[in-house]
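Below you'll find the structure, written out as structure tokens, and then a few comments.
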Amino acid sequence: MIEVNGRRYKAPQQPTVVFCIDGCEPDYIALAVAGGHAPTLGRILANGTALIADCVVPSFTNPNNLSIVTGAPPAVHGICGNYLFDTESGTEVMMNDPKWLRAPTILAALADAGTRTAVVTAKDKLRKLLGHRMKGICFSSEKSDQVSLAENGIDAVLPLVGMPVPDVYSAELSEFVFAAGAKLLEDKRADFLYLSTTDYVQHKHAPGDPDANRFYAMLDKYLARFEAAGAVIVLTADHGMNSKIKLDASPNVIFLQDLLDVWLGAERSRVILPITDPYVVHHGALGSFATVYLPDGSDVDAMLERIRALPGIESVRTRAQAAAFFELPADRIGDLVVVAERSTVIGTSAARHDLSGLDAPLRSHGGVSEQRVPLIVNRKLRDIDPARRWRNFDAFDLALNHVL
């Protein structure tokens, strides 16, 4: 047994793979299976265990991937977004450096206990966080041509996988993750794998769309390979996905910084959008969660009520309220945390968002409306309560402690 962040895990007794399918709203799976595009998933749903779980809010990539691999919420591991305002330096920074991580990962503990462990992630922004202090294989599809034994625990990935480096804005970036994981398992180079994809397809295509079904048919083909290799499979997601549009299909945005500049004066407050990352073609840095830093001496409660009254806002909480309700690190969020309704996103200033790269109606995430995700295991489980509130960060517990 190993113990990580207050939870105990058994060493894997058979090959085990945990998938984090980025942006996987449960309807993607339901409609792909119903349409006959994912027969392996259909068999897993019939013969294994199918649950619906909650991801952490903000429903973004970095906080949820780190919750899955630590078995804990952001209040424990510290990663509360893709992006934050560093109050010590007074700068806005990406949270892709392990210095922001406050807790050990289950992956590192498994590797230390002698399990051959591997991580393959689509985008390199997650690699160093997921592989922090892990003795094993860890690389990204995005930088798969730049691997080394010293940095990644593996070399010559492209010949191993048999694919070129994919474009970062493509379904192939995720397919490379599946293909690499399958080869590592089949070649017995890893006994436990964590595979994390990109939500490029989900940002562009709704559940049941032909391109979405093609993506899940591709996933299904690889799931069959993992099953053939005898693997325990756990499939979950970092967040769901929803349309964020007006009736004319234009983005439905509240530009909160522009409003605060009018109410409080220019550059006196700061709106931080934790969805922000280098891949803005996906979403234009627009999501349904924001954190607000107010000027010293502000009437926080009055501003809370003023923002809450805006059409499209679901909730506004103070720092303390949001930290407790969403299990967030209080020192890494603003004076207010703002969550938009299902069809609405929050921006900073209109002039700061380049939406020219959006070639389809905006689909995004970040709020409570994207919290529901699948939690699927290809085996029957013992000693579980199907009616309890499941979290995506229960994935390792199910894989290691409850498989029959």
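Annotations for the structure displayed:
- Selected residue (criterion: farthest from CYS24 (Cα to Cα)) from residues of region 324-377 that are within 20 Å of the chain's Cα centre (by Cα) and acidic (Asp, Glu): GLU327
- Remark: pairs (first residue in region 287-305, part of a helix (DSSP H, G or I) and at pLDDT 95 or above; second residue among the hydrophobic types (A, V, I, L, M, F, W, C) and surrounded by fewer than 18 Cβ atoms within 10 Å (Cβ to Cβ); Cβ separation under 9 Å; 6+ apart in sequence or on different chains) = MET303/TRP263; MET303/LEU264.
- Residue match in region 52-72 (condition: more than 30 Å from ILE346 (Cα to Cα) and either at pLDDT 95 or above or part of a loop (DSSP other than H, G, I, E, B) (or both)): no
- Considering TYR222, TYR194, the condition of being modelled with pLDDT of 95 or more, of a type in the set (Ser, Thr, Tyr) and within 24 Å of ASP277 (Cβ to Cβ) is satisfied by TYR194 alone.
- Residue count for region 319-354, restricted to those that are more than 17 Å from ASN82 (Cα to Cα) and surrounded by fewer than 17 Cβ atoms within 10 Å (Cβ to Cβ): 11
Table: residues versus (1) open to solvent by less than 50 Å² (accessible area, probe 1.4 Å); (2) over 26 Å from LEU400 (Cα atoms).
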{"position": "MET134", "(1), (2)": "yes, no"}
{"position": "LYS143", "(1), (2)": "no, yes"}
{"position": "ALA150", "(1), (2)": "no, yes"}
{"position": "VAL201", "(1), (2)": "yes, yes"}
{"position": "GLY208", "(1), (2)": "yes, yes"}
{"position": "PHE215", "(1), (2)": "yes, yes"}
{"position": "ALA237", "(1), (2)": "yes, no"}
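- Extreme residue, nearest to ILE233 (Cα to Cα), among residues of region 36-60 that are among the polar types (S, T, N, Q) and open to solvent by 10 Å² or more (accessible area, probe 1.4 Å): THR49
- Matching residues in region 136-163 - criterion: being in contact with an Asp or Glu (Cβ under 7 Å, 6 or more places away or on another chain) and more than 15 Å from LEU184 (Cβ to Cβ): GLU142, LYS143, SER148
- Scan of region 87-131 for residues that are open to solvent by 30 Å² or more (accessible area, probe 1.4 Å) and in a strand (DSSP E or B), ordered by number: THR91, GLU92, VAL93, MET94
- Condition met for VAL157 (over 23 Å from the mean Cα position of the chain (by Cα), at pLDDT 95 or above, open to solvent by less than 10 Å² (accessible area, probe 1.4 Å) and not polar (S, T, N, Q)): yes
- Test result for VAL271, open to solvent by less than 60 Å² (accessible area, probe 1.4 Å), under 26 Å from HIS77 (Cα atoms), touching a Ser or Thr at 6+ places or on another chain (Cβ under 6 Å) and among the aliphatic types (A, V, I, L, M): yes
- Among residues that are surrounded by fewer than 19 Cβ atoms within 10 Å (Cβ to Cβ) and modelled with pLDDT of 95 or more, GLU370 is not included.
- Test result for ALA387, of a type in the set (Gly, Ala, Ser), more than 19 Å from ILE307 (Cα to Cα), open to solvent by 10 Å² or more (accessible area, probe 1.4 Å) and free of Cβ contacts under 8 Å to residues at least 60 places away in the same chain: yes
- Within region 351-367, considering residues that are at pLDDT 95 or above and outside any loop (DSSP other than H, G, I, E, B), the one nearest to SER59 (Cα to Cα): SER364
The values are calculated or read from the model by the stated rules, or taken from the named source; none is laboratory data. Keep in mind that this is a model prediction, so the values were computed, not measured. A quick note on method: Cβ atoms are made from the backbone with ideal geometry, for glycine too, and the neighbour counts reach across all protein chains shown. Just the protein is used for accessible areas: all its heavy atoms, side chains included, with ligands, DNA and RNA removed. Shrake-Rupley method; radii C 1.70, N 1.55, O 1.52, S 1.80 Å.
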